[in-house]
Amino acid sequence: MQKMTFTSNQTAFEYAIYEIVGSYFKKATCQSTIQEQKLIVHFKEQKQDTQCLMENKVDGYVKAVLLKKLPPEIWDEEVTVEIRKTPESDLMNIIFYGEKYALIVKGAYRGKNNAEFNYRFFTK
């Protein structure tokens, strides 16, 4: 008998991106509480070691890439977060809108040993 799953590793990973990247800003608020709750359900349905692994992958990316390449003052902003499906794939864009900047982060969860990230940064 095949085990049925109602949650998605990819969706859980997108929550980890929202949660971890958002924690670096002064304040991050999701534009849609319904979308936020959907992501939380997928994340909480993961095993605890998988949750930690996802969070560690995202945090490692933030420290290795985003903190080094982006202007440090962006993290002082209060941001609104929009979670939107990308037109070219099933991945979600996690968009952090600040007063002066916008940061789009996208990540693909490829299992315990691999994750791919991409970001775009805009000034207003």
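All of LYS3, LYS57, LYS38, LYS85 fail the test of being in contact with a strand residue (DSSP E or B) (Cβ under 7 Å, 6 or more places away or on another chain) and either modelled with pLDDT under 95 or more than 21 Å from ALA108 (Cβ to Cβ) (or both), apart from LYS85. With respect to the stated conditions, ALA102 is without any contact (Cβ under 8 Å) to a residue 24 or more places away in the chain, small (Gly, Ala, Ser), in contact with a strand residue (DSSP E or B) (Cβ under 9 Å, 6 or more places away or on another chain) and surrounded by 13 or more Cβ atoms within 10 Å (Cβ to Cβ).
Filter region 90-110 for residues that are small (Gly, Ala, Ser) and within 11 Å of the chain's Cα centre (by Cα) and give the result. Correct list: GLY107, ALA108.
Among residues of region 50-75 that are acidic (Asp, Glu) and part of a helix (DSSP H, G or I), those with a Cβ under 7 angstrom from a residue that is buried (at least 18 other Cβ atoms within 10 Å of the Cβ) and modelled with pLDDT of 95 or more, sequence gap 6+ or separate chain, pair up as GLU55/ALA16; GLU55/ILE20; ASP59/ILE20. Starting from residues that are more than 21 Å from LYS57 (Cβ to Cβ), under 15 Å from the mean Cα position of the chain (by Cα) and touching a residue at least 24 places away in the same chain (Cβ under 8 Å), keep the ones in region 76-89 and report whichever is surrounded by the most Cβ atoms within 10 Å (Cβ to Cβ). Out of the qualifying residues, it is VAL79.
Residue check: is ILE34 on the phi < 0 side of the Ramachandran plot, crowded, with 18+ Cβ neighbours inside 10 Å and aliphatic (A, V, I, L, M)? Considered against the rule, which asks whether it is on the phi < 0 side of the Ramachandran plot, crowded, with 18+ Cβ neighbours inside 10 Å and aliphatic (A, V, I, L, M), ILE34 comes out as no. Might you check whether a residue that is more than 19 Å from TYR101 (Cα to Cα), part of a helix (DSSP H, G or I) and touching a residue at least 12 places away in the same chain (Cβ under 8 Å) occurs anywhere in region 25-36? Among the residues of region 25-36, at least one is more than 19 Å from TYR101 (Cα to Cα), part of a helix (DSSP H, G or I) and touching a residue at least 12 places away in the same chain (Cβ under 8 Å), which makes the answer yes.
The values are calculated or read from the model by the stated rules, or taken from the named source; none is laboratory data. Everything quoted here is computed from the prediction, not taken from an experiment. Note that each Cβ is placed from the backbone with ideal geometry, even for glycine, and that neighbours are counted across all protein chains shown.
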